[in-house]
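The values are calculated or read from the model by the stated rules, or taken from the named source; none is laboratory data. Values in this document were obtained by computation on a predicted structure and should not be read as measured data. Glycine gets a Cβ as well: all are built from the backbone with ideal geometry, and neighbour counts include every protein chain shown.
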Amino acid sequence: MKNKRSFYLTLNRLRVLSQITTILFLIAVPLLNIVGVHWILGTLYSISFGKLDIADPAIVAQTILLTWNLYIPLLIAALIPILIAFICGRVFCSWICPHNTISEWITAFQKRFMTKRWRQYQKKSKNVGIRVYFGILATLLLVTALFKTPLVSYLSPPGVISSQISQLIRGSGIGLELAIVLLIFIAEFFLFQRYWCKLLCPVGAMLGAFHWKGKLRVQFQAAECKCGKRPSPCQMACPLQLEPKKKNLYPACFNCGLCAKACENTGHKAIQLTF
Amino acid sequence: MIQSLTSIFSKITKSKTYLRPPGAVPEDEFISRCIKCSKCAQVCSYNSIKILHLNAGKDFGTPVIEAKDIPCYLCMECPRICPSGALDNALVDKEKVRMGLAVIDESKCLPFLGVICRSCYDECPIHRVAIVLEDELLPRIDAETCTGCGICESVCPAEEIAITIKPLSQLADKRK
């Protein structure tokens, strides 16, 4: 079936469409608010459609730690992201997060104009251990609780980017907090590594913590792996410099499906993104 | 040791007192509760609510009102949309808002200097209650009913603004 063969290509096109729609959406919301439409409000920290509130679980966790209090509407607001993360993993990162979108553009630039160095670094891909990954999140939350500082808000690039877009459009300009995000971009540009999304981001890690084992995952079947290319196309395709064929792919993998697309391109089906 | 570290840290990042949107819970709790989603600023039709940038200090992302520029017109849209309870969702009556308290500096206020002026008295949204005229001339603030919206501050025609809003958090500090 022709349709079946290009499934991951279509999936990736939908993903890119979703990323661009998100950016346009973040620009549209404050514009709509200015002309008087108030049923849609918010940024990627928390967004609301009419009476339906959706909040970032990492920020909700931070609020609980800072207030030692369970505010029920806020907990309910975190349910939708938690449910999506439970079934599909960190698809927020790969389909929505504007930080990842911009990082992917930067990587595309490196791949095209600095190919040699990019390949050299991409070959050194490595998976992240589950202890390291959640250890970093736990440390961040611990510091948040100990110092009574909203560290997760500072270190939430999707939140900072979206709220800066809103502030800029509402006429209060951009602030220094955008420097946090810019520093990440600059560091990653020179390091050729996506450490932020792969290791450090509290927003992604919190979503990853809810990803349940049996649900949407990149599945590797060694028996089907026949393209014989070195380095393997799936590894070269991974935006986070992970190795799709090895264990420990999760929780760092955010289910973008680019490795499955690369595998599909070679005409094989060794890597599938399935439930 | 942790406590001393925390105190040093909070000294470094000591925050100023800001006028918060209507329905805000006490300052310390407000800082912890606010999730920086900007919804209150977005829903504000008058653009009264601004979001602090990092340039202003560690409380960035939280909403403030600069009454001097654009005061709060008490439309009561923002408290009900706050997702985290940093603004009291149940607050509907504008009379019940307590954001701060207007304070008159009699050395600058025109009626006290012998010039007839009723700007603040005329514009006060809690009309003839929160600001009353003593001897039909001198404005006096009724601390019980003043909402702290800041409309008086924004309309004061004196060269140096004679009526200013003291944010609730600042008042609480003084009482201690």
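Residues in segment A:138-161 that are assigned to a helix (DSSP H, G or I), at the interface with chain B (Cβ under 10 Å from one of its Cβ atoms) and within 22 Å of A:Ile96 (Cα to Cα): A:Val152, A:Ser153, A:Tyr154, A:Gly159, A:Val160.
The set of residues in segment A:218-241 that are touching a strand residue (DSSP E or B) at 6+ places or on another chain (Cβ under 9 Å) and either crowded, with 19+ Cβ neighbours inside 10 Å or aromatic (Phe, Trp, Tyr) (or both) comprises A:Val218, A:Phe220, A:Cys234. Pairing each residue of segment A:215-235 that is touching a residue at least 60 places away in the same chain (Cβ under 8 Å) with any residue that is of a type in the set (Lys, Arg), provided the two are 6+ apart or on different chains, yields C-beta distances under 8 Å for A:Pro231/A:Lys123; A:Gln235/A:Lys123; A:Gln235/A:Lys245. Listed by first and then second residue, the pairs with beta-carbon distance under 8 Å, at least 6 apart or on different chains, first residue in segment B:58-85 and among the acidic types (Asp, Glu), second not in a loop (DSSP other than H, G, I, E, B), are B:Asp59/B:Ile31; B:Glu66/B:Lys50; B:Asp69/B:Ser154; B:Glu77/B:Val43. Is it true that B:Leu91 is touching a Pro at 6+ places or on another chain (Cβ under 9 Å) and crowded, with 21+ Cβ neighbours inside 10 Å? Spelling it out, it is not the case that B:Leu91 is touching a Pro at 6+ places or on another chain (Cβ under 9 Å) and crowded, with 21+ Cβ neighbours inside 10 Å. Contact annotation: residue pairs with Cβ atoms under 9 Å, 6 or more positions apart or on different chains, pairing a residue in segment A:45-67 that is within 17 Å of B:Cys34 (Cβ to Cβ) and more than 9 Å from chain B (Cβ to nearest Cβ) with a partner that is part of a loop (DSSP other than H, G, I, E, B) and of a type in the set (Ser, Thr, Tyr), are A:Ala58/A:Ser156; A:Ile64/A:Tyr71.
Can you find, within segment B:48-69, the residue that is surrounded by the fewest Cβ atoms within 10 Å (Cβ to Cβ) among those that are hydrophobic (A, V, I, L, M, F, W, C) and away from chain A (no Cβ under 11 Å)? By that ranking, first place goes to B:Ala67. Restricting B:Glu144, B:Glu160, B:Glu136 to those that are outside any strand (DSSP E or B) and within 17 Å of B:Ser107 (Cα to Cα) reduces the list to B:Glu160. Which one is modelled with the lowest pLDDT among residues in segment A:168-182 that are buried (at least 17 other Cβ atoms within 10 Å of the Cβ) and under 23 Å from the mean Cα position of the chain (by Cα)? Going through the qualifying residues, I end up with A:Glu177.
Consider segment B:78-88. How many of its residues are surrounded by fewer than 17 Cβ atoms within 10 Å (Cβ to Cβ) and not in a helix (DSSP H, G or I)? Residues in segment B:78-88 being surrounded by fewer than 17 Cβ atoms within 10 Å (Cβ to Cβ) and not in a helix (DSSP H, G or I): 1 in total.
Within segment B:30-49, the set of residues being assigned to a helix (DSSP H, G or I) and in contact (Cβ under 8 Å) with a residue 40 or more places away in the chain comprises B:Phe30, B:Arg33, B:Lys39, B:Cys40.
Considering only residues in segment B:124-164 that are touching a strand residue (DSSP E or B) at 6+ places or on another chain (Cβ under 7 Å) and of a type in the set (Asp, Glu), the one that is modelled with the lowest pLDDT turns out to be B:Glu134. For segment B:91-122, a residue qualifies if it is in a helix (DSSP H, G or I), touching a Cys at 6+ places or on another chain (Cβ under 9 Å) and within 18 Å of B:Met76 (Cβ to Cβ), and exactly one does: B:Lys94.
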